[in-house]
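This report concerns only the one structure given below.
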Amino acid sequence: RIVQIAVTIHYVEKDPIAWSSLVNPETPIMNTGNHQITDAMVADAPLFKVIAPALAPRLLNVDLMGYNIKDFDLKFLQVEMKRAEVDWPWNGFIIDPLHIFRIRRGHTLENAYRTYVDPKGFTGAHNARVDVAATEAVLIGQLTQHEDLPRTVKELSEFCFPHPENSVDKSGKMIWVGEHVAINFGKHRGRLLKDIDRGYIKWLSIADFPDDVKEIAEEALEGRFPIK
């Protein structure tokens, strides 16, 4: 769900107009780690379905630019517009600085090595032994250059792959809400596992999810739910 939205519309012949607003997602905010927005902050904010009717036409005949917008922001907008039952047949160009950065710099091991170890790079890339040594050197360089990075294996792993502190499984697909387990993604996000229909739980048990998620789903089908 969207908890904050900001838009700057650029015009050819007049100054840009910027607008932003917090958004009440109508469900508890499970993870505030990235944006620091809490339930209290959005308690009096407008619902997206209130904003959407005025926002949709302003974002219709425009081209969009944003960092990772195609894979993140645009999908959120499309889902929220549909949930708000607002027609938004957007069809325009997309500019994404993230993709420009990837094209120009790339996320290859060689470029990481030049950034964190030696601007001259290294020879023998794609040889497994050489790549392992280079990767070790890159991590050491990252830890040296970024003093705020975590220093333990557990904390560094969570930095790379963050999930809610109250996560039931390793990927954060399910979380604790009080003493009960709730779904933390998709259409049932925020709903307790015990209240969800068996068909959906069956899908969880056989779809492409991590093994610990499937095990929880399989147990739930037998009427056994995790105990905190």
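Over the stretch 5-60, with the other protein chains present, what is the accessible area per residue in square angstrom, probe 1.4 angstrom? Provide the component values of the computation, followed by the final result.
Values: 3670 Å² over 56 residues.
So the stretch 5-60 comes to 65 Å² accessible per residue, rounded to a whole number.
At 10 °C and 1.306 mPa s, what whole-number value in µm²/s does Stokes-Einstein give for the translational diffusion of the chain, with Rh from the Kirkwood sum over Cα pairs?
Rounded to a whole number, D works out at 74 µm²/s.
From the helices alone, meaning DSSP H stretches of at least four residues, give me the mean residue ellipticity at 222 nm for the chain, per-run term -39500 (n - 2.57), in deg cm²/dmol to the nearest 500.
It comes out at -11000 deg cm²/dmol, rounded to the nearest 500.
How large is the translational diffusion coefficient of the stretch 94-189 in µm² per second when you combine the Kirkwood radius over alpha carbon pairs with Stokes-Einstein at 20 °C and 1.002 mPa s? Could you put the intermediate results ahead of the total?
Values: Rh = 16.5 Å.
Estimated diffusion coefficient is 130 µm²/s.
Restricting to bridges with both residues inside the chain, how much of the DSSP beta-bridge set is antiparallel, in percent to the nearest 5?
Of all bridge pairs located within the chain, approximately 80 percent are antiparallel.
Out of the total accessible area of the chain (probe 1.4 Å, heavy atoms of protein only), what percent is carbon and sulfur?
Summing carbon and sulfur atoms, their accessible area is 54 percent of the total for the chain.
Can you tell which of E147, E165, E26 shows the greatest fluctuation in a Gaussian network model of the chain with Cα springs below 10 Å?
For the chain, modelled as a Gaussian network with Cα springs under 10 Å, the answer is E147.
Comparing S157, S21, S205, which has the greatest mean-square fluctuation in the GNM of the chain with Cα pairs linked when under 10 Å apart?
S157
Any idea what the relative contact order of the chain is, in percent, if you count C-alpha pairs under 8 Å spaced at least 6 apart?
Contact order relative to length: 10 percent.
Given Cβ point charges of +1 (Lys, Arg) and -1 (Asp, Glu) and nothing else, what value in debye, to the nearest 20, does the dipole of the stretch 74-228 about its Cα centre take?
Dipole of the stretch 74-228, to the nearest 20 debye: 340 debye.
What full-extension length gain, to one decimal in nm, is calculated for K49 and N34 as 0.36 nm per residue of separation minus the Cα-Cα distance? Before the final figure, lay out each step's value.
Numbers: separation 15, 0.36 × 15 = 5.40 nm, distance 2.38 nm.
Result for the pair: 3.0 nm of gain on full extension.
Keeping all protein chains in place and using 1.4 angstrom, which order do M65, M174 fall into by accessible surface area, from largest down?
Ranking M65, M174 by accessible area, largest first, yields M65, M174.
Could you tell me the center-to-center distance, by alpha carbons, between the stretch 9-44 and the stretch 123-157 in angstrom?
For the stretch 9-44 versus the stretch 123-157, the Cα centre distance is 35 Å.
Is the shape of the stretch 1-112 rounded, prolate or oblate, going by the alpha carbon gyration tensor and its root eigenvalues a ≥ b ≥ c, with a/c under 1.5 for rounded and a/b larger than b/c for prolate?
Values: a/c = 1.94, a/b = 1.25, b/c = 1.55.
In terms of gyration-tensor shape, oblate.
The values are calculated or read from the model by the stated rules, or taken from the named source; none is laboratory data. Note that the structure is predicted; figures quoted are calculated from it, not measured. FYI the Cβ positions are ideal-geometry reconstructions off the backbone, even for glycines, and counts take in every protein chain you see. Heavy atoms of the whole protein, side chains included, go into the accessibility calculation; ligands, DNA and RNA do not. Shrake-Rupley method; radii C 1.70, N 1.55, O 1.52, S 1.80 Å.
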